[in-house]
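J.: Can you read through this structure? Questions will come right after.
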Amino acid sequence: MRKLLLGCGAVSSILYLVAIDVIAALRYADYHNYTSQMVSELMAVGAPTRNLLIRLFTLYNFLVFAFAAGVWASARGRRSVRRTAAALVGYGVLSTAGLFLFPMDLRGTVGSQLDVLHIAATFVMSVFIVAVMAFGAFARGMRFRLYSFATIAVVVVFGALAGFLARPMPGPTPGLGVAERINIYATMLWMAALAASLWRPPSPGATRIL
């Protein structure tokens, strides 16, 4: 059961990258510029793909919660792994809240209050993502730790860049889609790597403090 739950982490990443970011975008006739348009626009209020994205993200968030359970089951006394699982739950809660309570308006909506709330919710969710990686960095050895810290750097830098590039909304936002997707793809790849790293139980000599 533990390995099945951990597998949900890899499946959730594949679902996000393939079904949410590619297939859904192909079903949105006016979504034709990956370099400047955000993933959030696919689930914006009034977007033709919102209902599809609600179903896909509901499944995605369910997989994240299942993954969190698998991470918790893999802790074996290691506090950092338990904290990773707790941060994953927080990420899943914020992702769910953002989907149903804090969606953005369609691009071009003037004076949107939803966009402000969506940006705030996205920022808090990003904090949980960084927390997941910071705690999860200690799930395995030094190589995984360095990879985790490098991914955190990518997420922070390109997350900040995406926030800066989004400021002209609802006008043109060249480069925004690229910055956001680098952030997302790095995160999804790390989630899959975490699942793989926890697949094997820790060695008998692994510390129970971290």
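Every read-out reported here was derived from the displayed coordinates using simple, explicitly stated rules and does not represent laboratory data. No experiment lies behind these values; they were computed from the predicted model shown.
J.: HN-Hα J couplings of the range 127-134 from phi, Karplus 6.51/-1.76/1.60, θ = phi - 60°, integer Hz, Gly and Pro as x?
T.: In residue order, the calculated couplings are 4, 5, 4, 5, 5, 4, 5, 5 Hz.
J.: Hey, what's the Cα Rg ratio for the range 2-199 versus the globular rule of thumb, 2.2 N^0.38 Å?
T.: Values: Rg = 16.5 Å, N = 198, 2.2 N^0.38 = 16.4 Å.
Scaled against compact globular proteins, the figure is 1.01.
J.: How far is the Cα center of the range 80-116 from the Cα center of the range 16-30, in Å?
T.: 19 Å
J.: Okay, next question. Go ahead and estimate [θ] at 222 nm for the chain from helices alone: -39,500 (n - 2.57) per DSSP H run with n ≥ 4, summed, over the residue count, rounded to 500. The partial results should precede the final answer.
T.: Working: 6 runs with 130 residues, N = 210.
Mean residue ellipticity at 222 nm (helix-derived): -21500 deg cm²/dmol.
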